[in-house]
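Written out below as structure tokens is the structure these notes cover.
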Amino acid sequence: MSKYYAYNLPADLTKSLEPLSFEPEAVDIQAQPSSRSEAKNQGPVCSTCQLALESDGIRDHYKSDYHRFNVKRRIRGDAPLSEDQFNQLDLDNESISGSDSDSDDLAPRLNSTKLDSEDNEADDAVDHRLAVLKGLPYLLFTCPDLEDKCIAMYKSLFQPEIIENPKEALPVLKSAANGHSVILMIGGGHFSGAVISHTTQNQKPTATNPYAHLNILAHKTFHRYTTRRKQGGSQSASDNAHGKANSAGSSLRRYNEMALQQEIRQLLAEWTQWINSAHSIYIRASGHSNRGILMNYDGAPITSKDARVRGLPFTTRRATANEVKRAWVELTKVVTVDKPAPPKAPKQTQKETDSKKDKEKKVAAEKAKVPTVEEKHTTELTALIKKSRAPRLIAYYKANVLDPEFRFVPDSTYANTPNGLFYASSQGAHHIVTTMLMSLGADPTVTNAAGRHPYEVASDRATKDAFQLARASLGEEKWNWDAAKVGPPLTKDEIKERDAEEARKLNESRQAELKRLEKLEEKKKVDRTIYKHGEGRKLASSITTTLGQDSGTRGLSEEAKAKLERERRARAAEARMKKLQGK
């Protein structure tokens, strides 16, 4: 892959470069002899125009309006016009070249071929082929010396209007050969900037100094501790997202952010003359705060509206002096690459087109679908039940004259909870269950798709109590409560007594459990003491009888018993001493 420098392209190469474009390739240069003898004598023939060509006029013919006009006719499937027929058409160059302008006299003169609409289709095909080029970060140029290759250079070297007109790109590079550009990088507390001349030095890059040929007019690098290690993001961004931290590290990072901003802006003020005369300004700054340090502040020499300001079209590493140089080398590198194959415009059959239209109509119909009245009622009722809005629920049923057994829709969604009573019971909304039974007169004997009753889908005890309270209040004659599987009737006093009795039993069981645990803990303490100190030993029976321990200590106080015990121990000690002396 050959490499060139954008601001110093060889003169012979520059003259031969042409912008790469994908035009409808309906043109073939081939001999069409009627026989072998004719093939030897016949020259090049344009198969589109069915016209013999001179060797030195091939390129001019394919660039002519006449050939382009026949290409569009061939796309439509029409026969080509001869040069005389074409010259008789009173059309201006713009219309012949594929303009979208309308003309009332055009259709009759082309035998009702609907040129305008077909031209648009042909232009769409061209636009489809050009889409690949528009999506690339490069401008591509062809050269006669390069058959299957083309020259590529980054679009960021040029202003937008030049990119739209690639023929002007090469003259722009030539005119800026003696200029300079500015590159600024900032991120993670690192800043590096340089003013680089477009003219290179007469030094060859080496392994130790690969950027020796660059002519650096000015450069500067700053670094401040502004981001927490392994966490990323500036301290100001963290403060905005999570609130202001009060640690020593956060305070240091805030101070460094302000100091780095001040240093950078002071440097940009010193470089104002370089910036104002720069051909291009390249900025790599991730995040709004970093871009705000470099641009659009009061007295800033760089503004985002400046057409010279562009980004770098490739990934860069940490902002250092070497990275700025590497970015410049990469940006201004012109290489030869393989020529991309022209993409083919997608063709849709009539069946595919109809299928696509039907699908779009179906989607549009679904979007425009207005919910039915039943669906609106279902949405409102379920929302009120979930929020336990009993008064508003009653008012909604009455205002819309809805039956308490109004069935929710769609049935597939509410198969297990087909009406308000079912839905409230399954949600555990016992207040709504009472409201439905007592105020709205809902029927508890209705079943769902699974054959279950509202009482059976109740999610908690309070909801079941609501059914049993309603049974006691409404009476046995109101509904067949047994068929609805509702439990025996209960009054509020009975529920209170039941709850109180259950609370008493629960308290007793808790107390019993506490006593059991206390005894167990006491036993564990005794076992730990025995394990640590042993069970101890008793005195001999003869000593006990001699000292009269059993008879002499009865009826004595604790103090007297202690005194007597000391005397006994003293006598026993004397007896042991005498025994030892007698040996």
Exercise. Could you pull out every one of the helices (runs of 4 or more DSSP H) wholly within the range 1-82 that has 3 or more residues that are at pLDDT below 60 and among the charged types (D, E, K, R)?
Key: 36-41
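With assigned to a loop (DSSP other than H, G, I, E, B), on the phi < 0 side of the Ramachandran plot and in contact (Cβ under 8 Å) with a residue 24 or more places away in the chain as the only criterion, which of Ala415, Ala424, Ala462 stands out? It would help to see each step written out before you state the result.
Numbers: Ala424 fails: assigned to a loop (DSSP other than H, G, I, E, B); Ala462 fails: assigned to a loop (DSSP other than H, G, I, E, B).
Of Ala415, Ala424, Ala462, the one residue that is assigned to a loop (DSSP other than H, G, I, E, B), on the phi < 0 side of the Ramachandran plot and in contact (Cβ under 8 Å) with a residue 24 or more places away in the chain is Ala415.
Out of the range 470-491, which residues are of a type in the set (S, T, N, Q) and under 19 Å from Asn448 (Cβ atoms)? Give the steps one after another, and end with the answer.
Taking the range 470-491 first, the residues of a type in the set (S, T, N, Q) are 473, 480, 491.
Once the filter is applied, which keeps residues that are of a type in the set (S, T, N, Q) and under 19 Å from Asn448 (Cβ atoms), the range 470-491 yields only Asn480.
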Quiz item: Within the range 465-502, how many residues are of a type in the set (Val, Ile, Thr) and not in a helix (DSSP H, G or I)?
Solution: 2
Quiz prompt | Per-region count, the range 289-335, residues in a loop (DSSP other than H, G, I, E, B), polar (S, T, N, Q) and touching a residue at least 12 places away in the same chain (Cβ under 8 Å) | solution = 4
Quiz item: Inside the range 317-340, can you point out the residues that are within 29 Å of the chain's Cα centre (by Cα) and exposed (fewer than 15 other Cβ atoms within 10 Å of the Cβ)?
Solution: Arg317, Arg318
Quiz item: Can you name every residue in the range 156-180 that is over 21 Å from Ala194 (Cβ atoms) and buried (at least 19 other Cβ atoms within 10 Å of the Cβ)?
Solution: Pro166, Ala169, Leu170
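Taking the range 244-265 as the search range and keeping residues that are among the polar types (S, T, N, Q), surrounded by fewer than 14 Cβ atoms within 10 Å (Cβ to Cβ) and over 19 Å from Gly187 (Cβ atoms), which one is modelled with the highest pLDDT?
If we filter the range 244-265 for residues that are among the polar types (S, T, N, Q), which is where we start, we get 246-247, 250-251, 256, 261-262.
Subsequent filtering for residues that are surrounded by fewer than 14 Cβ atoms within 10 Å (Cβ to Cβ) retains 246-247, 251, 262.
Now restrict to residues that are over 19 Å from Gly187 (Cβ atoms): 246-247, 251.
Details: Asn246: 72, Ser247: 76, Ser251: 82.
The extreme case among them is Ser251.
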Practice problem: Determine which single condition Leu514 fails, assuming it passes every other condition in (1) surrounded by fewer than 13 Cβ atoms within 10 Å (Cβ to Cβ); (2) within 19 Å of Gly428 (Cα to Cα). | Solution: (2)
Quiz prompt | Subset of the range 133-182 [of a type in the set (A, V, I, L, M, F, W, C) and not in a strand (DSSP E or B)] | solution = Leu133, Leu136, Leu157, Phe158, Ile162, Ile163, Ala169, Leu170, Val172, Leu173, Ala176, Ala177
Exercise. Those residues that are without any contact (Cβ under 8 Å) to a residue 60 or more places away in the chain and over 23 Å from Ala278 (Cα atoms), I need them from the range 183-209; list them, please.
Key: Gln203, Lys204, Pro205, Thr206, Ala207, Thr208, Asn209
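The values are calculated or read from the model by the stated rules, or taken from the named source; none is laboratory data. As the structure is a prediction and not an experimental result, all values here were calculated from the model. Cβ atoms come from the backbone with ideal geometry, glycine included; neighbour counts cover every protein chain shown.
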